[in-house]
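Written below as structure tokens is the structure these notes are about.
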Amino acid sequence: MSFTAFNFHPQIQTALDNSGYEAPTPIQNQAIPPVLAGRDILGLAQTGTGKTAAFILPLLQRLHAGPKGKIRALIIAPTRELAEQIHTYIGKMAKHTHMRSMVIYGGVSKHSQISNIRRGADIVVACPGRLLDLVNDRAINLSAVEMLILDEADHMFDHGFLPDIRRILKTLPRKRQTMVFSATMPKEIRSLAEDILTHPTTVQINHTQPTASISHAFYKVEQRDKAKLLRKILTEKDITTAIVFTRTKHKAKNLGLQLQKAGFKATSMQGNLSQPKRQEALDGFKNGTYNIMVATDIAARGIDVSGISHVINFDMPATAETYTHRTGRTGRASCTGEAFTFTAADDYKMIKALEQSLGQNLVFQTIAGFQSTPQVSENKTTAQNPTARIATKARSARGKKKSQRNQPEIFNLGLSTRA
Ligand code: AMP
């Protein structure tokens, strides 16, 4: 099937032709027709599947017909990076139309955003915190919104944004088209979706399995040897661009600096960075100043840089779903990619969880000079449901007073990266 089958307006089709996309991805094939028909959508798809275009293209087509200059579409995203990425994508696809999009998030001046709003926009892409601020200040008028999209709804929940979102929803017209996209469906998101969607069409792309175009390699390595193994891999493998994931902000920062000192074109991104520094890191990674980005899960969310050849899990992810999210950063659309995961002795439970989720045993590679770590054996009481146990452990850790330094960034969401 080709994009021409959707009969987009020539101004949108021209942008699509210039994008180089040859054919719609499965999520686009599933979602575009019902969105064009005005249906509500519940989309179960992870990033990397082409989900942004799946809602932006039909959104532009529907807005094209009506009046310009009023906010008729509102897209809510959990992170600044994702909001920027969607806004940039709209800019490309709406280039030949007269539609304008603007982006709203915290950490930058409210003033410039308010004057931007006054200049008029058809589409607003926003993070919930700042948007709610502007709504409360009566600085933004959302009474003309016809289309609402909640993107990465599961991460909005992770960030503690659902109460803000419910407050924003109260200020929107009831008669509207609503779409909720989420890679996973925790019960809070299911209940939000039930509240706000009317007879939705469900579109679903297999989200528990990692993308097929990625090869996965696992290495057993002592904690203390991880940095050495990373340098070896970065030197010896044919790596064009890589994202290296660490569990904590502190580690992301330090590892980025260590790699720079060792002569790699590396940078890092984590929640403690100021907005200009984040942008500098992201721009540098996009334009090739850096080809290695060390990041935490949260900071990496929304990095949409095409052609990432490698994802390296310096630290094992906390859940099987996070593994899928991380590795989905490579092998996007029609490209192939490689994922390397370092596993240390205390990762035994996560390895089991991942094997259970993938339905296969992980195969470990060895690299000369790096000793395999004997894995700690699982005790009987933890065997039944490793994924659930790890999630529970993560949640209970939230309440504990840990030193900031060792805290995984995911536990700090509400505080440090709140938009
Ligand atoms: P997303 O899941 O929206 O983050 O998209 C992942 C990547 O796939 C982005 O770099 C898109 O530009 C790209 N993409 C989206 N749709 C297509 C398509 N139909 N053909 C090729 N690449 C695409």
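How about segment 71-82: which of its residues are in a helix (DSSP H, G or I) and either among the β-branched types (Val, Ile, Thr) or within 13 Å of the ligand (Cβ to nearest atom) (or both)?
Looking only at segment 71-82, we keep the residues that are in a helix (DSSP H, G or I), and these are 80-82.
The answer is Glu81, Leu82.
Look through Pro128, Pro58 and report the one residue that is buried (at least 24 other Cβ atoms within 10 Å of the Cβ), assigned by TED's automatic domain parsing to the domain that holds Pro24 and within 16 Å of the ligand (Cβ to nearest atom).
On the way: Pro128 fails: within 16 Å of the ligand (Cβ to nearest atom).
The conditions single out Pro58.
Can you tell me which condition Lys68 does not meet? The list is (1) more than 28 Å from Phe157 (Cα to Cα); (2) within 13 Å of the ligand (Cβ to nearest atom); (3) at pLDDT below 95, and all the others hold.
(2)
Checking Asp40 against (1) closer than 12 Å to Val203 by Cα; (2) open to solvent by 50 Å² or more (accessible area, probe 1.4 Å), which test does it fail?
The failed condition is (2).
Limited to segment 264-279, what total is found for residues that are within 26 Å of Asp158 (Cβ to Cβ) and not polar (S, T, N, Q)? Break it down into steps so the answer makes sense when it comes.
Looking only at segment 264-279, we keep the residues that are within 26 Å of Asp158 (Cβ to Cβ), and these are 267-279.
Checking the rest, the ones that are also not polar (S, T, N, Q) come to 269, 271, 273, 276-278.
Matching residues across segment 264-279 total 6.
I want to confirm something. Restricting to segment 88-114 and keeping residues that are open to solvent by 50 Å² or more (accessible area, probe 1.4 Å) and part of a helix (DSSP H, G or I), which single residue is farthest from the ligand (Cβ to nearest atom)?
His111
Has segment 182-200 got at least one residue that is touching a strand residue (DSSP E or B) at 6+ places or on another chain (Cβ under 7 Å), assigned to a strand (DSSP E or B) and outside the structural domain of Val363 (by TED's automatic domain parsing)?
yes
What pairs come out if I take residues in segment 25-48 that are outside the structural domain of Glu146 (by TED's automatic domain parsing) and pair them with residues that are of a type in the set (Val, Ile, Thr) and crowded, with 20+ Cβ neighbours inside 10 Å whose C-beta lies under 8 Å away, six or more apart or interchain?
The qualifying pairs do not exist here.
Just give me the residues in segment 305-336 being closer than 19 Å to Val294 by Cβ and at pLDDT below 80, in sequence order.
Applying the first criterion (closer than 19 Å to Val294 by Cβ) to segment 305-336 yields 305, 307-318, 322-323, 325-330.
Val305, Gly307, His325, Gly328, Arg329, Thr330 - these are the residues of segment 305-336 that are closer than 19 Å to Val294 by Cβ and at pLDDT below 80.
Can you spot a residue in segment 18-25 that is at pLDDT 95 or above and under 30 Å from Asp195 (Cβ atoms)? Let's see the steps before the verdict.
Within segment 18-25, the first condition is being at pLDDT 95 or above, and the residues that meet it are none.
No, there is no match, as no residue in segment 18-25 is at pLDDT 95 or above and under 30 Å from Asp195 (Cβ atoms).
I'd like the full set of residues that are open to solvent by 10 Å² or more (accessible area, probe 1.4 Å) and either in contact with an Asp or Glu (Cβ under 9 Å, 6 or more places away or on another chain) or part of a loop (DSSP other than H, G, I, E, B) (or both), limited to segment 131-141.
In the first step, residues of segment 131-141 are kept if they are open to solvent by 10 Å² or more (accessible area, probe 1.4 Å); the result is 132-133, 135-141.
Within segment 131-141, Leu132, Asp137, Arg138, Ala139, Ile140, Asn141 qualify.
Any residue that is part of a helix (DSSP H, G or I), among the hydroxyl-bearing types (Ser, Thr, Tyr) and more than 10 Å from the ligand (Cβ to nearest atom) - is there at least one of those in segment 30-52?
Within segment 30-52, the first condition is being part of a helix (DSSP H, G or I), and the residues that meet it are 30-36, 51-52.
Filter once more, so that each one left must be among the hydroxyl-bearing types (Ser, Thr, Tyr): 52.
Subset that is more than 10 Å from the ligand (Cβ to nearest atom): none.
No, the conditions are met nowhere in segment 30-52.
The values are calculated or read from the model by the stated rules, or taken from the named source; none is laboratory data. Just so it is clear, the model here is predicted, and its values are computed rather than measured. Note that we place each Cβ from the backbone using ideal geometry, even for glycine, and neighbour counts take in every protein chain shown. Note: areas computed on protein heavy atoms with side chains; ligands, DNA, RNA excluded. Shrake-Rupley method; radii C 1.70, N 1.55, O 1.52, S 1.80 Å.
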